[in-house]
Amino acid sequence: MTATTPAIPHWINGTPWPVVPDRVGDVYNPATGAISAQVAFADAEVIDEAVASAKRAYAGWRDSSLTKRTQVLFAFRELLNTHKEDLAAIITAEHGKVLSDALGEVTRGLEVVEFACGIPHLLKGGFSESVSTGVDVYSIRQPLGVVGVISPFNFPAMVPMWFFPIAIAAGNAVILKPSEKDPGSANFIAQLWAQAGLPEGVFTVLHGDKVAVDGLLTHPDVKSISFVGSTPIARYVYETGTAHGKRVQALGGAKNHMLVLPDADLDLAADQAVNAGFGSAGERCMAISVVVAVEPVADALVAGITERMSQLRTGDGTRGCDMGPLVTLAHRDKVATYIDAGVNEGATLVVDGRNVEIDGASDGFWLGPTLFDNVTPSMSVYADEIFGPVLSIVRVQSYAEGLALINDHPYGNGTAIFTNDGGAARRFQNEVEVGMVGINVPIPVPMAYYSFGGWKNSLFGDSHAHGMEGVNFFTRGKVVTSRWLDPSHGGLNLGFPTQT
Ligand code: NAD
């Protein structure tokens, strides 16, 4: 890097915060391997400053009218829509995913903003008139205060947008701690909020590593944590945050299975296995990483997938390629190690991504689409979340054997069944122990008005992201029992209140 390497600052109190050069991290362009920027890493002092600024802003924002908040939300939605290509370009430059995929990520985030624009309706409470003589009861939902959002590298725009539009619409002040690997989107989004008229301090970006995360997890003025990342960190965040009295939702890793029954449309199944296995270089928590083929379809399916893989172009995401690089060199090497392990453990390597021909700079973090056949549950390529372009085929003899495999896996984020038998699909949706289920749909990411989240080791806490679970997560319920004085009031009665 050079002295002119751009710096990515925190965004505190509606303005960039000066970067201190001794606590920074390198940001790479994965398609070239070059350092493109340095991002600030927060220390205790900056964390305190960020929380204090958010707390001050919260005091005013919580009391702003629903009309005012909705106006800001609509303005933000318009700005985001206008600038979605600019945001997608930042994502591609720092994450590596191809431009069309980055644009898709922004679009899915926009859906949550649009959902949050309906906050006046979403926050409506109940009202019961005359529950007792002259007494009414009603419920209201109020914001929590300063809330923390900690996000992973793989969706630098969409995952934060699962949370902050609803949190802000509900009257909270948000501190976003993005991944240090691709931090630029968060600052771009902060500028859009400022242009939309959001008061200073309601949206803060605090960059950094474990120090920033721990600072938010333990700070008494941070009331909730919404975390998305790998399972070990999600478990740590959940345990630490709840031990410090916070409401926590912590979404973790995944190993998503696609069950293909003998009556499935095999062309559709092969198309979707390739799309869902290698889109975003497999760096999606909803990526399909295991195809469970119920015999006798495995040979045909492997042939169909292999043929389609030969058509994929791996390379620079700005050049119209199908699949970009991996996010860092360390991650690229880790995924390559899994390919070595699969070979050593006896899986059949059908397509080897280590030899891929690339359309891009030679120092990019490249690894091509890889296919293993005859994978068994004891192999590390099956057991672990690889988070790269490695697809495994497991051959089973029956629906029941396939279902047991899925239900026995410690992760339970997403799954899909491919079949033309409605009865089998209905049975699967009922019996499978996974939070999000696709029927002839490989990546069943729910729309914003439903809630996103897995089961088992894929989510710690009770609340999924967005939809009504998101609204409830970012608000606290209160029930008011009221009586306005009239001639019937008065009199002493120490008994427990009952209706009369
Ligand atoms: P990660 O767990 O390494 O990082 C996530 C966040 O935690 C980042 O902001 C990072 O700075 C922070 N962090 C990293 N190490 C930490 C530590 N030791 N202590 C405290 N904080 C720490 O995850 P990642 O590599 O950025 O993202 C990929 C992972 O995220 C995959 O496991 C993927 O499945 C998961 N993911 C899950 C979902 C979901 O909805 N379940 C969605 C997207 C990604």
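Protection proxy ranking, highest mean first, for peptides 238-245, 290-297: 290-297, 238-245, where packing is the per-residue count of other beta-carbon atoms within 10 Å, averaged.
Residue separation of V480 and T337 scaled by 0.36 nm, minus their Cα-Cα distance, works out to 45.6 nm of gained length.
Considering only beta bridges that DSSP places wholly inside segment 256-439, some 10 percent are antiparallel. Taking 7 Å steps out from each Cα toward its Cβ at L492 and R426 produces label points 6.6 nm apart. Our estimate of slack between Y138 and S378, defined as 0.36 nm per intervening residue step minus the Cα-Cα distance, is 80.9 nm. Taking amide H as placed 1.01 Å from N in the peptide plane, the amide H of V441 sits under 5 Å from that of I417, each at least 5 places away or on another chain.
Of all DSSP beta bridges in the chain, what percent run antiparallel (nearest 5)? It would help to have the intermediate numbers written out before the result.
On the way: 29 of 73 bridges.
Bridges in the chain are about 40 percent antiparallel.
Place a +1 charge on the Cβ of each Lys and Arg in segment 256-439 and a -1 charge on the Cβ of each Asp and Glu, then give the dipole magnitude about the Cα centre in debye, rounded to the nearest 20. Walk me through the numbers before you get to the answer.
Numbers: 10 positive and 25 negative charges, 59 e Å.
For this selection, approximately 280 debye.
Working from label points 7 Å from Cα in the Cα-to-Cβ sense, the Q499 to R23 distance is 5.6 nm.
Based solely on its DSSP helices, what 222 nm [θ] is calculated for the chain when runs of n ≥ 4 H residues each add -39,500 (n - 2.57) and the sum is averaged over all residues, nearest 500 deg cm²/dmol?
On the way: 16 runs with 188 residues, N = 500.
Value at 222 nm, helices only: -11500 deg cm²/dmol.
For E129, put the label point 7 Å out on the Cα→Cβ axis and report which residues of segment 461-500 keep their amide N under 19 Å from it. Answer for segment 461-500: 480-488, 500. Neighbours of Q311, meaning other residues whose beta-carbon lies under 15 angstrom from its beta-carbon, give a summed charge of -4 when Lys and Arg score +1 and Asp and Glu score -1. When the charge dipole of the chain is built from unit charges on Cβ atoms (+1 for Lys and Arg, -1 for Asp and Glu) and taken about the Cα centre, the candidate among L123, T218, S392 whose Cα reaches farthest toward its positive end is L123.
Placing unit charges on the Cβ atoms of the charged side chains and taking the dipole of the chain about its Cα centre, the candidate lying farthest along the positive direction among G467, G495, A7 is G495. Phi-derived couplings, Karplus 6.51 cos²θ - 1.76 cosθ + 1.60 at θ = phi - 60°, listed residue by residue for segment 5-22: 4, x, 9, 10, x, 5, 10, 10, 6, x, 7, x, 9, x, 8, 9, x, 7 Hz, with x used for Gly and Pro. Counting only whole DSSP H helices of the chain, the ones at least 20 Å long by C-alpha along their axis and with mean Kyte-Doolittle hydropathy no lower than -1.0 are 44-61, 66-82, 99-116, 329-344.
With both labels modelled 7 Å from their Cα along Cα-to-Cβ, the Q191 to A300 distance reads 5.3 nm.
Residues whose amide H lies under 5 Å from that of A173, counting only those 5 or more places away or on a different chain, are G145, V146, V147; hydrogens are built 1.01 Å from N in the peptide plane.
Which FRET efficiency, nearest 0.05, do A52 and S310 yield, Cβ-Cβ r, R0 51 Å? Could the numbers behind the result be given before it?
Values: r = 57 Å, r/R0 = 1.11.
Efficiency, rounded to the nearest 0.05: 0.35.
For L349 and Q397, compute 0.36 nm times the residue count separating them, minus their Cα-Cα distance, and round to one decimal in nm.
Numbers: separation 48, 0.36 × 48 = 17.28 nm, distance 2.14 nm.
Residue separation times 0.36 nm, minus the Cα-Cα distance, leaves 15.1 nm.
Converting phi to 3J(HN,Hα) with the Karplus coefficients 6.51, -1.76 and 1.60 and the offset θ = phi - 60°, segment 369-376 yields x, 10, 10, 10, 10, 6, 7, 10 Hz in sequence order, with x at every glycine or proline. Remark on D359: its backbone amide H falls under 5 Å from those of T314, G315, D316, a criterion applied only to residues 5 or more positions apart or on other chains, H modelled at 1.01 Å from N.
Taking the Kirkwood radius as Rh and the Cα radius of gyration as Rg, the chain has a ratio of Rg/Rh equal to 1.03. Run the dipole for the chain about the Cα centre, Lys and Arg Cβ at +1, Asp and Glu Cβ at -1, nothing else charged, and hand back the magnitude in debye, nearest 20. The dipole of the chain has a size of about 1720 debye. Between segment 189-262 and segment 93-111, the C-alpha centres lie 20 angstrom from each other. Here r is the Cβ-Cβ distance between T218 and T15 and R0 is 30 Å; the resulting FRET efficiency, rounded to 0.05, is 0.70. Summary of packing: across the peptides 278-288, 343-353, 464-474, the per-residue average of other C-beta atoms within 10 Å ranks them, highest first, as 278-288, 464-474, 343-353.
Centre-to-centre, using Cα atoms only, segment 443-500 and segment 2-59 are separated by 37 Å.
We did not get these values from a lab; they are worked out from the coordinates using the rules stated. Predicted model, so just to flag it, every value in this text is computed and none were measured. For neighbour counting, all protein chains shown are included, and Cβ atoms are generated from backbone atoms with ideal geometry for every residue, glycine included.
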